[in-house]
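Comments concern the structure below.
The values are calculated or read from the model by the stated rules, or taken from the named source; none is laboratory data. Everything numeric here is computed off the predicted structure, so don't read it as measured data. FYI the Cβ positions are ideal-geometry reconstructions off the backbone, even for glycines, and counts take in every protein chain you see.
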């Protein structure tokens, strides 16, 4: 598939205004309007500004030295490179970094930098909060406020990239932060188009994974988009009653419809679907649930990612015992279903999605990271 020219990718609703000084990525039409009086060189100057931010990581207009000085001065007076800022940061002993990002309008979201061997992965959010109502998730405890603009999703990647060491490079994206990605699919796809564009962040589409609670129509839409992204479906229960208890959206979708949409994704893209399964002690981590899950997936091309629950103070759910996790995986293996147990990252910080924002919203003390 041919790549869309970078300057033709839409990253914002032209009618939106998020800041007295608009951000270059969130409101690209403001940059274009500012450059318009330059005449024939206007498009060149727009490309140069975006190049400095996206490819070079330069976030000061004064440092964009190939721009005319008067234009730099006008940019500095009327725009900002990024419309958001990192309001807080926590760093784990395993070098996982969680960022609390404050958007214009004072709303807050989270993104994470994960380091593992040679991988440097950004986990990004797609909404302020989440409206899916999953009972075990900190992200949805305060509901959903709004979708993020494509530029706001891109800005998270830039904030994460700025935390990299000189010898590190951002290599992967997982869309598993706050919000339901499929509920904001248009803006997400616009952001990823730029993230994976040679003149954008230059990442590989094969290194992008999009997670969903399971919205079948949107899963099919993603499949039809013809991209090389991976799909991860949050299943978390093998029967309708338990899944609806844990994930209320299941009452409108149903497991079978979700699995059929996952099958469609595989047929259209040839890319194996990952089924995420959070293990909650005494609730969905028993042999019976493992057998039900194995039966559901035994004839499908997919992989199960087992995730021992990451405790949240206000929630009553508990992390499963290691023996229960091992037995669950052994049962899946007996059905011929491949699985892995997700490594626990950021265990000594607010690692579960939404926890850092939750602490900020309820006024709990969130100390600055001790790391430099």
Step by step: first the residues of the stretch 90-125, then only those that are part of a loop (DSSP other than H, G, I, E, B) and in contact with a strand residue (DSSP E or B) (Cβ under 6 Å, 6 or more places away or on another chain), then the one that is farthest from residue 140 (Cα to Cα). Which residue is that?
95
Could you tell me whether the stretch 298-311 includes any residue that is at pLDDT below 95, outside any loop (DSSP other than H, G, I, E, B) and over 26 Å from residue 141 (Cβ atoms)?
yes
Only one of 154, 170 is in contact with a strand residue (DSSP E or B) (Cβ under 7 Å, 6 or more places away or on another chain), modelled with pLDDT of 95 or more and crowded, with 20+ Cβ neighbours inside 10 Å; which?
170
Sole residue being without any contact (Cβ under 8 Å) to a residue 60 or more places away in the chain, farther than 18 Å from residue 258 by Cβ and in the same structural domain as residue 237 (by TED's automatic domain parsing), chosen from 312, 337, 341:
341
Restricted to the stretch 322-347 and to residues being part of a loop (DSSP other than H, G, I, E, B) and out of contact with any strand residue (DSSP E or B) (no Cβ under 9 Å at 6 or more places or on another chain), the residue surrounded by the fewest Cβ atoms within 10 Å (Cβ to Cβ) is 336
Check the stretch 184-195 and report whether any residue there is assigned by TED's automatic domain parsing to the domain that holds residue 125 and assigned to a loop (DSSP other than H, G, I, E, B).
no
Residue under question is residue 89, and the condition is that it be more than 22 Å from residue 184 (Cα to Cα), in the same structural domain as residue 147 (by TED's automatic domain parsing) and surrounded by fewer than 19 Cβ atoms within 10 Å (Cβ to Cβ); does it hold?
no
